[in-house]
Protein chains: 4
Amino acid sequence: MTIKTVGVKIENPEIKYQVIIGQANFSIFTTDNLFMTMLTTVPGIKCAVAMNEAVPKLTRVTANDPELEKLAAKNALAIGASHLFVIMMEKAFPLNVLPHVKNHPAVCTIFVASANEMEVIIAETDLGRAVIGVVDGTAVDKIETTEQKMERRELTEKIGYKIS
Amino acid sequence: MTIKTVGVKIENPEIKYQVIIGQANFSIFTTDNLFMTMLTTVPGIKCAVAMNEAVPKLTRVTANDPELEKLAAKNALAIGASHLFVIMMEKAFPLNVLPHVKNHPAVCTIFVASANEMEVIIAETDLGRAVIGVVDGTAVDKIETTEQKMERRELTEKIGYKIS
Amino acid sequence: MTIKTVGVKIENPEIKYQVIIGQANFSIFTTDNLFMTMLTTVPGIKCAVAMNEAVPKLTRVTANDPELEKLAAKNALAIGASHLFVIMMEKAFPLNVLPHVKNHPAVCTIFVASANEMEVIIAETDLGRAVIGVVDGTAVDKIETTEQKMERRELTEKIGYKIS
Amino acid sequence: MTIKTVGVKIENPEIKYQVIIGQANFSIFTTDNLFMTMLTTVPGIKCAVAMNEAVPKLTRVTANDPELEKLAAKNALAIGASHLFVIMMEKAFPLNVLPHVKNHPAVCTIFVASANEMEVIIAETDLGRAVIGVVDGTAVDKIETTEQKMERRELTEKIGYKIS
């Protein structure tokens, strides 16, 4: 079996949307049903769920916002792997929705969830494509100092996610 | 896109600590909060949570034991991939803590959890690094016999995890 | 043992806040930590977590809104049962937060979650009080007709929680 | 506040259906959505979800079998408590579906799940009704012997739920 490694850059203008990429199954059901799960997470959420299906070879998409719909579908299609889903959203953070997505009965795993610049690493065979990893922003090059640790705690408190 | 494959050996002296490696997001919140989640799992647990952040390029770390803190941070830095976390612990087994880690709202996936010798497989692009797999100890070379099956059930019972 | 049945009306002006009542443990930890869990559910959520502790006999409370803080504490105190918690919130629905509350490691059970008029049914002994049930609005008196079934589906779709 | 205690017998002909009784919220959404959750649990499941709503005072019901639909609605109406749901099913056991029901975002708690004869204990006030407990079959009158312990383990193995 010949295996080629391919990289796909996620399109996310001004890196302004949150992106979740995962593996599931039963696309004709899950595209709509996972979208409905998203709707129960945060009031007023804007989101799109795009999901690939092997037979027929289609990217399915359900959304309540036209730009997110276009982007999620385009990114899922560029990745190409069957049963792969791409969620793009705003007015919500991964923290708010991940427990619901992980618990969805058709979801296998989540590769990544963030608003960093992203590159999807893919293994390609004659049969099709498999996501094997995602570069989720730049690599680190040092360990935080005690001062930087204090700064992150102050910042976490300032944005309301920590009580002093 | 140029993709290079890199391997990183996890440092774990005498293979005495349990190690969990996964992908999450929101590092300034999650480093402390996932550490707090660990504290609720097992009385007297000793552990460290180290997590990488793309901007600024830093490994964050929170711990209640200085050696675990140093090791978790060193291993996370060596892996380098953004939003990657390394938990190192003693006085608890993965069995005790995995349900809590998987349910944490910022956690996407767990790549590995064990006390075997470990090597992390990484895809490196110009943007950064993606974990694509983890070697979790030596590979197998045969199937268990009926006798070995009985031995494992006896051992499981002896260590208190099975009732006859 | 003498057991007396007592009813406590939940104070909720104009029935405008969502209320969750449950049983947990480790109040000195859980009051703050469950509040932090609430913060991860919905961006901009306003909420208060009040929780009773047997020794010393205190209602603990953490909030990011003064009116919710006052109401949650007052209701938890009126119920009186130890390890009982009352969450009061706005800008979020039970649907958004219940998975997180149920998964919290100190939470035992949820008695009720709604914005109906509520009466808490309590069993009182010499030792203390136990919640035994909650009246969550008026009782029903008929089964929906096919027309009413269609109306609820149209309404669910209209408010964005169903796709046709 | 006047509190009256009332008992309601669950109708279940020949005790042939599995019954789950619980508390949730958002009836117009949850009746259908919890039914859909049931459909994802076991291939070929037959089930009905009936749920009470305080305003208007209605029992909602969704099903894929007419007898289960009639029974679930009749039992939910007889209990009367608002936001109370009754699931009746066949071709599946509680074991198969409870994790999904407990994880449903609108579900607070499950009072009972079994195929025993059942009586629901209710506290009734001027406002409405609260379920305070469920009698799930006859009460016990002795502790198992060592022989009976072995018999149950053999039976568990015989029906395929234990490996020797």
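Values quoted throughout were computed directly from the atomic coordinates according to the rules given, and no laboratory measurement underlies them. Note that the structure is predicted; figures quoted are calculated from it, not measured. Positions of Cβ are backbone-derived with ideal geometry, glycine not excepted, and every protein chain shown enters the neighbour counts.
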query: If you check every pair at least six apart or on different chains, which have Cβ atoms under 7 Å apart with a residue in segment A:1-28 that is away from chain B (no Cβ under 13 Å) and within 22 Å of residue B:132 (Cβ to Cβ) first and a residue that is loosely packed, with under 15 Cβ neighbours inside 10 Å and among the charged types (D, E, K, R) second?
result: A:2/A:126
message: I need every pair where a residue in segment D:89-111 that is of a type in the set (D, E, K, R) has its Cβ under 6 Å from the Cβ of a residue that is surrounded by fewer than 15 Cβ atoms within 10 Å (Cβ to Cβ), sequence separation at least 6 or different chains.
response: D:91/D:44
- prompt: Is there a residue in segment A:128-140 that is crowded, with 17+ Cβ neighbours inside 10 Å and assigned to a helix (DSSP H, G or I)?
  reply: no
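Taking the condition of being surrounded by 22 or more Cβ atoms within 10 Å (Cβ to Cβ) and not small (Gly, Ala, Ser), how many residues in segment B:38-59 meet it?
Keep residues of segment B:38-59 that are surrounded by 22 or more Cβ atoms within 10 Å (Cβ to Cβ), which gives B:38, B:47-53, B:58-59.
When the remaining residues are screened for being not small (Gly, Ala, Ser), the result is B:38, B:47, B:49, B:51-53, B:58-59.
Of the residues in segment B:38-59, 8 are surrounded by 22 or more Cβ atoms within 10 Å (Cβ to Cβ) and not small (Gly, Ala, Ser).
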query: Being more than 12 Å from residue A:18 (Cα to Cα) and within 13 Å of the chain's Cα centre (by Cα), is that true of even one residue in segment A:53-68?
result: no
- prompt: For residues in segment B:81-115 being touching a Ser or Thr at 6+ places or on another chain (Cβ under 8 Å) and part of a loop (DSSP other than H, G, I, E, B), which is farthest from the other protein chains (Cβ to nearest Cβ)?
  reply: B:92
task: Among residues belonging to segment A:116-164 that are in contact (Cβ under 8 Å) with a residue 24 or more places away in the chain and charged (D, E, K, R), point out the one that is farthest from the other protein chains (Cβ to nearest Cβ).
output: A:126
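Residues that are surrounded by fewer than 17 Cβ atoms within 10 Å (Cβ to Cβ) and aliphatic (A, V, I, L, M): does segment C:101-120 have at least one?
We begin by selecting, within segment C:101-120, every residue surrounded by fewer than 17 Cβ atoms within 10 Å (Cβ to Cβ); these are C:108-109.
Those still in the list that are aliphatic (A, V, I, L, M) too: none.
No - not one qualifying residue is present in segment C:101-120.
Restricting the search to segment C:81-91, which residues are within 13 Å of the chain's Cα centre (by Cα) and surrounded by 20 or more Cβ atoms within 10 Å (Cβ to Cβ)?
In the first step, residues of segment C:81-91 are kept if they are within 13 Å of the chain's Cα centre (by Cα); the result is C:84-90.
Of everything in segment C:81-91, those that are within 13 Å of the chain's Cα centre (by Cα) and surrounded by 20 or more Cβ atoms within 10 Å (Cβ to Cβ) turn out to be C:84, C:85, C:86, C:87, C:88, C:89.
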